[in-house]
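Here is the structure we will look at.
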Ligand code: UN1
C-alpha cells in the first residue's frame, strides 16, 4: 500500500517532516500499513493560507457545480467501497461489515448534499414599506479547519468536509495520525472528483503541533470556523481558543451514554442492543453505551442474559465475522487500561478484564490474540452514581450496569455524568419513552435501538460535556458552514426609513362587541 503519507498543501505534497512514524494494523502489529510524515505548525499555517487563497474562486463556483463535485465523490466512494473499507479494517481494526457501513455513511452524506447544491435556499421576506424587498442568502463562512479522530476515519470527516465544500468553503483537514493511510485514500478520492487544488488541504501532525498551527492561523485571520471531533478535554481547549477569536466551533466530543431498560422491556431485544452498543467497535464510538440502567425487577435477569450474550459473542480478527476486533492503536489501549483501574471493590465483574493473552484467554477467540491489541469485553455490575466508572468515558469494551426503581430516578442517573450525546430506552410503554426523551439531556435518543448507529441525515451532536450544542448532518449542519446574510433592496426612489416611515394601520382599538 502507500509508502509514505504526506500532507497536501495547495495540491502539492509537503516533503519535509518533523517526524516519521509507522501506522500499524492493530489486529496484527507486525503489519505496517504505511509511514506518516508529520508536519510542524508552519505547515498547518501554510495550508490555511492555501485554503484562504482558493476560497473566493471556489465560493464563486455555482453551487450546483459544487454539488456535481460532491456527486462525483459519492460515485468514486461507491466504486472504491470495498477497497476503502478493507483499508479501514486493516489500519484501525474495525470489522469489515462495519467498515463497509462506514463507507456507506460517506455515500449517504454525498447523496444528501449533492442535491443541496441545487437548493441552499434563502428566503424572500415581505418588507414593511412599499417598493422594497427583503431577502436572505446563505454565504460560506470562508476557510474551515477540520480536526477528526480515527475511530471513524472517513465517515465522520465526511460529515464536515462534504457540507463545508458544498457550501463554498475551503478546508484544512487534520486527520488522526494513526489512520493516516486511510485518510490519504479518502483525500485522493476527493482530489479525483474535481475538487480544485487548494480547496481541500490535508495536514498530518500531532496534537500539540496542530494546536499551535491552529493558534497561529486563527491569529493571522486565516481560519473562520473550526470543526473538531475528539475528547472533551481537547474540545474545551479548542473552544477557548476559538472564543478568543469570537468564533463558535462545531464540537463533537465524548459521551457516557446511558441505556435505560424498563420493567416492561423486551429483554432479548435489550440484550442485543446493549451488546452492540457496548461492545460494537470495541466500545470506541463516542456513541458507545456507557451504563445500562436497569429496572430492579428485571436487573438479575438482564445481567444473566447480557453476560451470556457477551460470553458468546465473536471477537477477534476483524477481517472475519466478529462483533468486534482490537483497540484502535497503542495510545487507546493504554488509555483503556487506565480506565479499567476504575473498577472498584464494590463492583461485580462479569467475564474477564484486560488484554486477551495466553494466560488470560477468551474462549472462541477468532484468530491469534497475541498478534494485536485485543481486550476482553467486560460487564461491571453494581456501579454507583459517584463511581469514576459511572462518570467518565472509557472508550473501550466495558459496560457498567446499575439498578433503578422509578423512571425519574433512571433519568436522573442518565443525566448524572454531565455528558449528553446519545441515550437509549428499551420499553414497550410509549408513555415511558416520551417521558424519558423529555427528561434526558442527550442530543440523541433511541427507543428500542442502540445508543450508537445514528443515520447520516438526522442532527448529530450533544450537550453538556459532549459539545457546545452544534449539530452535524442533514440540513442542520448548513448553519455551521454558512452564515445568513440579509439584504434589503429599496426601489422606491427615496430614502424610506424602517420603523419611522412605515404607515400605521388606522383602527379603533376601543371597539367591543355588545
Ligand atoms: C463517533 O464515534 O465519533 O452514530 C461518531 C454512530 C456513528 C457515528 C459515531 N454513525 O454511532
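Working from Cα positions, state the angle (0 to 90°, nearest 10) between the long axis of helix 41-60 and the longest principal axis of the chain. Around 50 degrees separate the two axes. Relative to one another, the C-alpha centroids of segment 105-167 and segment 334-361 are positioned 44 Å apart.
Considering only DSSP beta bridges with both partners in segment 257-455, what is the antiparallel share in %, to the nearest 5?
Given both bridge residues lie in segment 257-455, the antiparallel proportion sits at roughly 15 percent.
Centroid-to-centroid, using Cα positions, segment 471-514 and segment 204-279 are 37 Å apart. Given 4 °C and 1.567 mPa s, how large is the Stokes-Einstein diffusion coefficient of segment 108-164 in µm²/s, with Rh as the Kirkwood radius over Cα pairs? Result for D is 90 µm²/s. So for segment 74-211, what percent of the C-alpha to C-alpha distances run longer than 25 Å? Pairs farther apart than 25 Å: 34 percent.
Against the chain, whose longest principal axis comes from its Cα atoms, helix 330-340 is set at around 70 degrees.
Tell me whether segment 1-71 comes out rounded, prolate or oblate; compute the Cα gyration tensor, take square roots of the eigenvalues as a ≥ b ≥ c, and use a/c under 1.5 as the rounded threshold. Verdict is oblate for segment 1-71. Cβ crowding within 10 Å ranks 491, 121, 178 as 491, 121, 178, fewest other Cβ atoms first. Compactness ratio for segment 366-488: Cα radius of gyration over 2.2 N^0.38 Å (N = residue count) comes to 1.33.
Rg over Rh for the chain works out to 1.04, using Cα positions for both radii and the Kirkwood form for Rh.
Taking a ≥ b ≥ c as the square roots of the eigenvalues of the Cα gyration tensor, segment 169-209 is oblate, since a/c reaches 1.5 or more and a/b is not larger than b/c. For segment 226-326, the calculated P(r) over all alpha carbon pairs, in 5 Å bins from 0 to the bin holding the longest distance, is 2, 12, 17, 16, 13, 11, 10, 8, 6, 4, 1 percent.
Taking the Cα atoms only, what angle lies between the long axis of helix 81-92 and the longest principal axis of the chain, rounded to 10 degrees? For helix 81-92, the angle is close to 60 degrees. For the chain, the relative contact order works out to 18 percent when only alpha carbon pairs closer than 8 Å and six or more residues apart are counted.
Sort segment 1-119 into rounded, prolate or oblate with this rule: let a ≥ b ≥ c be the square roots of the eigenvalues of the Cα gyration tensor; rounded if a/c is under 1.5, and if a/c is not under 1.5, prolate when a/b is larger than b/c, oblate otherwise. Because a/c hits 1.5 or more and a/b fails to exceed b/c, segment 1-119 counts as oblate. Summary value for segment 207-346: 17 percent relative contact order, contacts being C-alpha pairs under 8 angstrom separated by 6+ residues. Only bridges with both residues in the chain count here: give the DSSP antiparallel percent, nearest 5. The antiparallel fraction comes to roughly 45 percent.
Considering the convex hull of the alpha carbon atoms of segment 290-404, report its projected area averaged over all viewing directions, in nm², one decimal. Don't skip to the end; give the middle numbers.
Values: hull surface 28.7 nm².
Averaged projected area of segment 290-404's Cα convex hull equals 7.2 nm².
For segment 192-270, the relative contact order is 24 percent, taking Cα pairs closer than 8 Å that sit 6 or more residues apart in sequence and dividing their mean separation by the residue count.
Evaluating kT/(6 pi eta Rh) at 4 °C and 1.567 mPa s, with the Kirkwood radius of segment 257-455 over Cα pairs in the Stokes-Einstein relation, gives 78 µm² s⁻¹. In whole angstrom, segment 417-512 maps to an equivalent ellipsoid with semi-axes of 46, 23, 12, each derived as √(5λ) from the alpha carbon gyration tensor and ordered largest first.
A short reminder: the numbers here are calculations on the coordinates, not readings from a lab. Not measured: the values here are computed from a predicted model. Positions of Cβ are generated from backbone atoms using ideal geometry, with glycine treated the same way; all protein chains shown enter the neighbour counts.
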